[in-house]
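To start, the structure itself, in structure tokens.
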Amino acid sequence: MALTYVMDAASKVRHSFPIGSMEIIRYDVRQLPFFTLESRYVGLLKISCGGIDGFAEFNLPKQRQPADLIRWISVIRCLKGLQLEEAQTYIRKCEQEWGPDRIGVVRAALSDIEGKLVCREEEMDARLAEPFDRTFMMDHALTYYSF
């Protein structure tokens with residue numbers, strides 16, 4: 001019975017908040033102070049909805065230029081203002097056009113939000129109170145795009 005309550009509560013929350021903002025940050029993990037790996041470019045997508053941020057990280061080819069990244073991810077602008085359920089429905093319709101990589105990144109960020117909504121509703125995850133360290137990421141960003 002508790003599982004039903006959690007899902008019902010999350011559904012109520014999910015339906016009441018639209019996607020507010022989206023950001024993408026491109027960085028080289030070698031430049032982060034806690035990594036010593038070979039040079040690898042990574043993108044981080046952040047989608048905000050109802051005061052909760054969903055994140056998805058993905059690998060980028062070294063040769064991908066910032067403008068290419070912005071053009072690659074800018075198709076998801078149409079999700080802004082949609083509720084999570086509407087956004088999930090919309091991306092299902094775009095699978096062919098967007099391709100598996102883009103769809104996977106967007107789904108991961110939306111799923112992260114949904115998981116946090118369930119945890120928030122049940123007050124089960126203390127990490128929800130921890131803010132995204134924007135300053136740290138911006139200090140190490142190679143490219144930043146907000147929409």
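Where a number appears in this text, it was derived from the coordinates with a stated rule and is not lab data. Given the structure is predicted, the values throughout are model-derived calculations rather than measurements. Glycine gets a Cβ as well: all are built from the backbone with ideal geometry, and neighbour counts include every protein chain shown.
So for each of 94-107, 43-56 I average, over its residues, the number of other beta carbons within 10 Å; can you give me the resulting order with the highest mean first? Working shown, then result.
On the way: 94-107: 14.9, 43-56: 19.5.
Order by mean packing, descending: 43-56, 94-107.
Starting from the Cα of ARG77, step 7 Å along the direction of its Cβ; do the same at SER16; then give the gap between the two resulting points in nm.
About 3.1 nm separates the two model spin labels.
GLN96 to MET138: extension gain in nm, 0.36 nm per residue of separation minus the Cα-Cα distance? Please report the intermediate quantities before stating the final value.
Numbers: separation 42, 0.36 × 42 = 15.12 nm, distance 3.28 nm.
Extra length from GLN96 to MET138 when fully extended: 11.8 nm.
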